[in-house]
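Trainee: Below you will find the structure I want to go over with you.
The values are calculated or read from the model by the stated rules, or taken from the named source; none is laboratory data. What you see is a predicted model, and the numbers here were worked out from it, not measured in a lab. Backbone-built Cβ (ideal geometry, glycine too); neighbour counts: all protein chains shown. With ligands, DNA and RNA removed, areas are computed over all heavy atoms of the protein, side chains included. Shrake-Rupley method; radii C 1.70, N 1.55, O 1.52, S 1.80 Å.
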Amino acid sequence: MDKKTVVDKIVEAIKEWAGPRGPVSMAMLAYPDASSLDDKFTLLISAPWLDDQNPRQVIQEIIEKLKSHLEPDEFREIARVTPIKSTDRFVQETNSKYDVTQEKLEISNFSASGMHFDLATILRP
């Protein structure tokens, strides 16, 4: 499976889902262990307009949108979807550490607010 294609589809799904609602503060695909890149990743997402919404509802909406853009085997690459408040220290620290000007920024040995990922891709939908 071509991971670049999967990432491109995820970016498009997030753009479509968020479009009329407003900007996304942070979207990240995080791999906890780079030595096993065949493992699934976590999609972390944050936006001010999500802060007051029910997290379960947000997760369900994102999952539905992702399923409409991804093939079943591509969707199975996602271990979980985690909404994070835009005021969370992790989001603030990540955004101050990395000025993402391109659509995707891949980083290794990423740490912020006590969380560590061997590999992460920050998305700018």
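Trainee: Per-residue ellipticity at 222 nm for the chain, helices alone: DSSP H runs ≥ 4 residues times -39500 (n - 2.57), over residue total, nearest 500 deg cm²/dmol? Spell out each step's value before the answer.
Mentor: Values: 4 runs with 44 residues, N = 125.
Taken over the chain, the calculation gives -10500 deg cm²/dmol.
Trainee: Express the relative contact order of the range 20-97 as a whole percentage, based on alpha carbon pairs under 8 Å and six or more residues apart in sequence. Spell out each step's value before the answer.
Mentor: Numbers: 100 pairs, mean separation 28.2, N = 78.
Here the relative contact order equals 36 percent.
Trainee: Ignoring ligands, DNA and RNA, please state the percent of accessible area on the chain from carbon and sulfur, probe 1.4 Å.
Mentor: Numbers: 3250 of 6810 Å².
Of the solvent-accessible surface of the chain, carbon and sulfur hold 48 percent.
Trainee: Return the percentage of antiparallel bridges among DSSP beta bridges fully within the range 16-107, rounded to the nearest 5 %.
Mentor: Details: 5 of 10 bridges.
Bridges in the range 16-107 are about 50 percent antiparallel.
Trainee: Search the structure for amide H atoms under 5 Å from the amide H of residue 51, placed 1.01 Å from N in the peptide plane, and list their residues when 5 or more places away or on another chain.
Mentor: 86
Trainee: Within the range 14-29, name every residue whose backbone N is under 19 Å away from a label modeled 7 Å from Cα of residue 68 along the Cβ vector.
Mentor: From the range 14-29, the list is 14-24.
Trainee: Could you give the accessible area per residue of the chain, probe 1.4 Å, as a whole number in Å²? Show your work: numbers first, answer last.
Mentor: Working: 6810 Å² over 125 residues.
Each residue of the chain exposes 54 Å² on average to a 1.4 Å probe.
Trainee: In addition: Work out the FRET efficiency for residue 56 and residue 93 from their Cβ-Cβ distance, taking R0 = 30 Å, and round it to the nearest 0.05. Show your work: numbers first, answer last.
Mentor: Values: r = 26 Å, r/R0 = 0.86.
The computed FRET efficiency comes out at 0.70.
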